[in-house]
Amino acid sequence: MNIYVKPHNDFAKYLIEIARKWQEKWIKDKIFEADAKPGKPKFFLTAAFPYPNGPSHMGHARTYTVTDVYARFKRMQGYNVLFPMGFHYTGTPVLAMAEAVAAKDEKLLNLFRKVYGIPDDIIPKLSDPLTMARYFHAISKISLIETGYSIDWRREFTTIDPEFKAFIRWQFEKLRQKGYLVKGTHPVGWCPKHNMPVGMHDTKDDVEPEIGEWTLIFFEDEDGIIYPAATLRPETVLGVTNIWVNPSADYVKVKVDDMEWIISDRAAYKLRFQRKRIEVIEKFKGEKLLGKRVRNPVTGERVVILPASFVDPDTGTGIVMSVPAHAPYDYAAIIDLDREVLSKYGVSLDELKPRPLIRVKGYGELPAVEVVERMKIKSQNEREKLEEATKEVYGAEYKYGVMREDVVKYVAQDLPDNVRRYLVGVVKAWIAGKPVSEARDNIARWLKESRYADVMYEIMNKPVYCRCGTEIVVKILEDQWFIDYGNPEWKEIVRKALSKIRIVPPEYREDFKYTIEWVQRRACARTRGLGTELPWAPGWIIESLSDSTIYMAYYTISHKIKEYKLRAEQLTYEFWDYVMLGKGDVKEVSKSTGIPVKVLEELRKEFDYWYPLDSRHSAKDLIPNHLTFFIYNHTAIFPEEKWPRQIAVNGWLLIRGHKMSKSLGNVIPLRIMNHLYGPDTVRATVILSSEVGQDADFTDELVESVLDKLKKFRDTIMELHKMYSKVKELNGTELTDIDKWILSRMQKHIKNITNAMENLRFREAANIAFYIIDKDVKRYLERVYDEINSSKRKKTIAWVLSYIVDVWIRLVAPIIPHLAEELWSSIGKQGYVSLAKWPEVKEEYISVDVEVKEEYVDRVINDMKEIIKVTKTKPSRIILYVASKDSYEILRDAIRTVLNGKPLKEFMRQALSKVKDRKAFARIAKKYYDLASEIPPHLKDYLLENTLDEYQVLSNAKEYIARTIGAKEVIVYLSDDPSAPDIGGKKKMAIAFKPAIYIE
RNA sequence: GCGGGGGUGCCCGAGCCUGGUCAAAGGGGUCGGGCUGAGGACCCGAUGGCGUAGGCCUGCGUGGGUUCAAAUCCCACCCCCCGCACCA
């Protein structure tokens, strides 16, 4: 893959250079190679491994960056962290891509050339699936290394490694033993030419073949020949007036099992893929069937076969039951019948009268008739209108329709009493009075069980063509193996497992619950693609969502398998039983496999140390499949203590507001981004763009602004370092309020960032680290502006700055590890910041007191700004009057009133009894009450217990206030000091925590 | 249809669980100022309306309700996005 991009600017170039430097050091010193260290707490996390059918792109970067930031955070917290990676060669993704290359798909070749930058001489070679996988595997691996992920590469594997296949065979043997694997039939999209199942990847224009189910209701003629009417609405069988066939279409009489059917020629062709034997006995035109009478299996009536041109021999069986009351096509076709035809077959119009079956809100007795008339449909040839009418009627009836009670009267009219009684009973119990959706399922099930009906599958969005041009049909696969995720006992265990797994973010838990309830048996093997063969069913390859459910366990020992050069044939069921489950006698296993006891024990220890998995990471699209199967299979194979502990789900990564897709050509390879902006920029952008669970929008402006932010961060750190490195001895003994303030704020930030990281709210963590700390540091510098060069303060400030720098770099290290390493070494620290200790909260640095003081100053400044804004004056002198300490009692009363949920008048009543000057108080009582309800909870708490020395605080901040406001002078008076002048009559306006302000 | 997630200021996007700190974080854009030969970058300020004193009014999809107090809680409705299987 050619990297044809140049760094965005000099700083990006710098980031790329230092990244390479530190990556080489990390690899050289093997700092991310994690070995089992019994006694040391471990943290094992994995991200979903990629299909190597393209280079790693920004979507992968999202998941892996989240995983890596978490890994690095945990590592700094002192955990023995394992983050491994592998590659998923299994299944159709790789295969389909290779086939598209072989077919010289222009769009794809363009993507390969233009976006991926693959050289022309390589591309043809990628038509071989394995070559393609190896190629993209190599590129992806480089991409991941270049992004600085702290992966232990010794454990890397692919899903077609013989050793891994041995593991998968063991897993499936376990599933089979537990009865979780079942054999059955299964309908799939099928190319008759290739004789192969086809999915979306194999079709022209990537259309997903949708498989639907027709109910075939058996109408029978007097010779016992069956006319299977294909319908999507079996509940309307009670209202059938006649049967339609297309007189000019080809029909055949076929032998199906032990029955004889009459169906369209085309239907017979399609049914060949769904029945064991279909034998054509006779061919003829539909015309030949007209006028015949066939018996409705439910009503017993003998209805006539009539001609209708709308009947499509390629849909269903070409035999259509006519329900004019509820199907617009049928009613329209009846309108089209001329008297000649009717008299020819001896049919009276009365016989074809629509028969109401369903009551629907908003419609009369005969919805189809109503709609046809309303839309002025004159004949069955008005296809477009009829489609619309059908959609409307079907939709309304399905949604709101209820079967009429009186449908019972149609049942078994012409049948013997005993049969009638039985049928009437069935219809009364399951059909009449039921909602349409329910009645439909009931009647279909009952008819099938009673052999009055059958099913036929069909591609509902037909025609869908295979890439070879052949139209796809539905084939019923015999001997298909399923994993039975519908097994009720298994489901129950999985529910329990889920309840103990931490889902991040928690909103996604409902999706898991829903999936568990809904998931049924799943076909787990296919007839082609790379992967592992089912041990007992040669030719069946375990498909990719089924061979990737417990592979995380394989990481724990994959490096040892390589180290000891264990061969696949040594990795027997007994081997895995011992290593993964601790079952069996190690000596016997050793004897049967030829693996030394010591090695077996070592592998067992590795597995036992690392497992269970502490955190599993993937994007949200894997919830309804992979992640749920992941839980299922763990519960099936492993004991409870080895079940996964946490699943972290991230949203999509959108590119400029659009979902990434190969057809849009907006798949951005990770390598390109790394080489354009530098890996730390890519990482920080991904983290800053949104919280883990949400979709993130990746835009050029955002990356560029992050790049810029990183530059500023670097500059700030180096600036601070310059300021304190000039001072030889650092000494923090003489801390002033503002020093204490920044130290206290840093503790709060450490606490909040740590908490955010623990909960994988990395965006919040990054936000605090990059923006809020920055703001506080700037404020601190502003506040110590005049002191910085004083000999008295120099050392203390230097000490504070060195503390900030040290903590700050460590806080950002998980997100931007390369720049953090670079800065860490620039300020003279030893060792890797990647391995440094995560900053701890120093309780002794926390000072609510100084924080409140600083907040108070802020509030006063805000008030001043407000006044200046309103009066549009240019301030020169600012006079402040602070309230007496006694007034805090009044404020406390007000706060208590608010906390108790009492209104203003309640406060007035209480406070009035305590004050001397009632009139004066009445004027400012509302101010107290408003202030008390407006201030944040921490201030309420603080002020209930403490009295602020406002005079002192403001006096200390005079210079700062003057500088901030742009005033020449700030004067502070006590409002109860009789000697202070009452400028502007403001003295009496001072209340606790809110001084009176006069601006000149 | 079933299930899940949403609708916030010019735009993106926090807040909602645990009501008062919310005219509502942060970013972008825009406007004004500083800096500059000019531009860019950078720094400061403004960015719902009104207001000559720290205030008032309107406001977080729509309509109701609970409460001294609602973007936040409850009810109804409208709209948008995602998943629904053998396809990874």
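The values are calculated or read from the model by the stated rules, or taken from the named source; none is laboratory data. Quantities reported herein were computed from a predicted structural model and do not represent experimental measurements. Cβ atoms come from the backbone with ideal geometry, glycine included; neighbour counts cover every protein chain shown. Heads up: the accessible areas ignore ligands, DNA and RNA and are worked out on the full protein's heavy atoms, side chains in. Shrake-Rupley method; radii C 1.70, N 1.55, O 1.52, S 1.80 Å.
A single entry from A:136, A:112, A:172 fulfils the requirement of being in contact with a Leu (Cβ under 9 Å, 6 or more places away or on another chain), free of Cβ contacts under 8 Å to residues at least 40 places away in the same chain and either part of a helix (DSSP H, G or I) or within 14 Å of RNA strand B (Cβ to nearest atom) (or both): A:112.
Among the residues of region A:311-366, the ones that are open to solvent by 30 Å² or more (accessible area, probe 1.4 Å) and assigned to a helix (DSSP H, G or I) come to 12 in all. Residues of region A:679-716 that are within 10 Å of RNA strand B (Cβ to nearest atom), in contact (Cβ under 8 Å) with a residue 40 or more places away in the chain and of a type in the set (S, T, N, Q): A:689, A:690, A:694, A:699, A:716.
Is it fair to say residue A:662 is open to solvent by 10 Å² or more (accessible area, probe 1.4 Å) and modelled with pLDDT under 80? So residue A:662 passes the test.
Just to verify a result, which residue in region A:862-876, among those that are in contact (Cβ under 8 Å) with a residue 60 or more places away in the chain and near RNA strand B (Cβ under 10 Å from one of its atoms), is least open to solvent (accessible area, probe 1.4 Å)? My answer is A:864. Tell me, yes or no, whether region A:186-195 has at least one residue that is closer than 30 Å to residue A:103 by Cα, surrounded by fewer than 19 Cβ atoms within 10 Å (Cβ to Cβ), free of Cβ contacts under 8 Å to residues at least 40 places away in the same chain and within 16 Å of RNA strand B (Cβ to nearest atom). Checked region A:186-195: at least one residue is closer than 30 Å to residue A:103 by Cα, surrounded by fewer than 19 Cβ atoms within 10 Å (Cβ to Cβ), free of Cβ contacts under 8 Å to residues at least 40 places away in the same chain and within 16 Å of RNA strand B (Cβ to nearest atom).
Just name the residue that is surrounded by the most Cβ atoms within 10 Å (Cβ to Cβ) out of those in region A:52-101 that are modelled with pLDDT of 95 or more and in a strand (DSSP E or B). Ranking the qualifying residues of region A:52-101, first place goes to A:82.
Identify, please: which residue in region A:550-581 is at negative phi and basic (Lys, Arg) and is, among those, least open to solvent (accessible area, probe 1.4 Å)?
Per the criteria, the residue is A:560.
Scanning region A:960-974 for residues that are more than 13 Å from residue A:861 (Cβ to Cβ) and open to solvent by 30 Å² or more (accessible area, probe 1.4 Å) returns A:968, A:969, A:973, A:974.
Away from RNA strand B (no atom under 16 Å from the Cβ) and either outside the structural domain of residue A:723 (by TED's automatic domain parsing) or surrounded by 15 or more Cβ atoms within 10 Å (Cβ to Cβ) (or both), is that true of residue A:811? Against the criterion (away from RNA strand B (no atom under 16 Å from the Cβ) and either outside the structural domain of residue A:723 (by TED's automatic domain parsing) or surrounded by 15 or more Cβ atoms within 10 Å (Cβ to Cβ) (or both)), residue A:811 qualifies. Residue-level analysis places residue A:979 among those that are exposed (fewer than 14 other Cβ atoms within 10 Å of the Cβ), of a type in the set (S, T, N, Q) and away from RNA strand B (no atom under 14 Å from the Cβ). If we keep just the residues of region A:982-1000 that are more than 9 Å from RNA strand B (Cβ to nearest atom) and on the phi > 0 side of the Ramachandran plot, which is modelled with the lowest pLDDT? Filtering region A:982-1000 for residues that are more than 9 Å from RNA strand B (Cβ to nearest atom) and on the phi > 0 side of the Ramachandran plot, the one modelled with the lowest pLDDT comes out as A:985. Of the helices (runs of 4 or more DSSP H) that lie entirely inside region A:920-975, those containing 2 or more residues that are modelled with pLDDT of 90 or more and within 13 Å of RNA strand B (Cβ to nearest atom) span A:950-956. Taking the criterion of being of a type outside the set (Lys, Arg) and in a loop (DSSP other than H, G, I, E, B), the residues of region A:367-399 that qualify are A:375, A:377, A:379, A:380, A:381, A:382. Which of the residues spanning region A:538-560 are among the β-branched types (Val, Ile, Thr) and either farther than 15 Å from residue A:160 by Cα or in a loop (DSSP other than H, G, I, E, B) (or both)? A:549, A:550, A:556, A:557 - these are the residues of region A:538-560 that are among the β-branched types (Val, Ile, Thr) and either farther than 15 Å from residue A:160 by Cα or in a loop (DSSP other than H, G, I, E, B) (or both). On the stretch given as region A:514-537, residues that are part of a loop (DSSP other than H, G, I, E, B), touching a helix residue (DSSP H, G or I) at 6+ places or on another chain (Cβ under 7 Å) and within 19 Å of residue A:623 (Cβ to Cβ) total 1.
Applying the set (1) open to solvent by less than 60 Å² (accessible area, probe 1.4 Å); (2) within 33 Å of the chain's Cα centre (by Cα) to residue A:761 leaves exactly one unmet item: (1).
Would you confirm, using the coordinates I've provided, whether residue A:918 is touching a helix residue (DSSP H, G or I) at 6+ places or on another chain (Cβ under 7 Å), open to solvent by 90 Å² or more (accessible area, probe 1.4 Å) and charged (D, E, K, R)? So residue A:918 fits the description; yes.
Residues in region A:773-828 that are part of a loop (DSSP other than H, G, I, E, B) and of a type outside the set (Phe, Trp, Tyr): A:784, A:786, A:787, A:788, A:789, A:790, A:813, A:814, A:815, A:816, A:827, A:828. Please find, among A:220, A:213, the residue that is more than 16 Å from RNA strand B (Cβ to nearest atom) and either closer than 30 Å to residue A:452 by Cα or surrounded by fewer than 17 Cβ atoms within 10 Å (Cβ to Cβ) (or both). Among A:220, A:213, only A:220 is more than 16 Å from RNA strand B (Cβ to nearest atom) and either closer than 30 Å to residue A:452 by Cα or surrounded by fewer than 17 Cβ atoms within 10 Å (Cβ to Cβ) (or both). The criterion of at least 2 residues that are among the aromatic types (Phe, Trp, Tyr) and under 25 Å from residue A:176 (Cα atoms) is met, among helices (runs of 4 or more DSSP H) falling completely within region A:561-634, by A:573-581. On inspection, residue A:843 passes the criterion of being surrounded by fewer than 20 Cβ atoms within 10 Å (Cβ to Cβ), away from RNA strand B (no atom under 12 Å from the Cβ) and in contact (Cβ under 8 Å) with a residue 24 or more places away in the chain.
Conditions (1) within 16 Å of RNA strand B (Cβ to nearest atom); (2) buried (at least 16 other Cβ atoms within 10 Å of the Cβ); (3) under 25 Å from residue A:500 (Cβ atoms), marked per residue:
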| residue | (1), (2), (3) |
| --- | --- |
| A:584 | no, yes, no |
| A:591 | no, no, no |
| A:594 | no, no, no |
| A:598 | no, no, no |
| A:606 | no, yes, yes |
| A:621 | yes, no, yes |
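Summed over region A:468-521, residues that are in contact with a Phe, Trp or Tyr (Cβ under 6 Å, 6 or more places away or on another chain), more than 9 Å from RNA strand B (Cβ to nearest atom) and under 20 Å from residue A:198 (Cα atoms) total 4.
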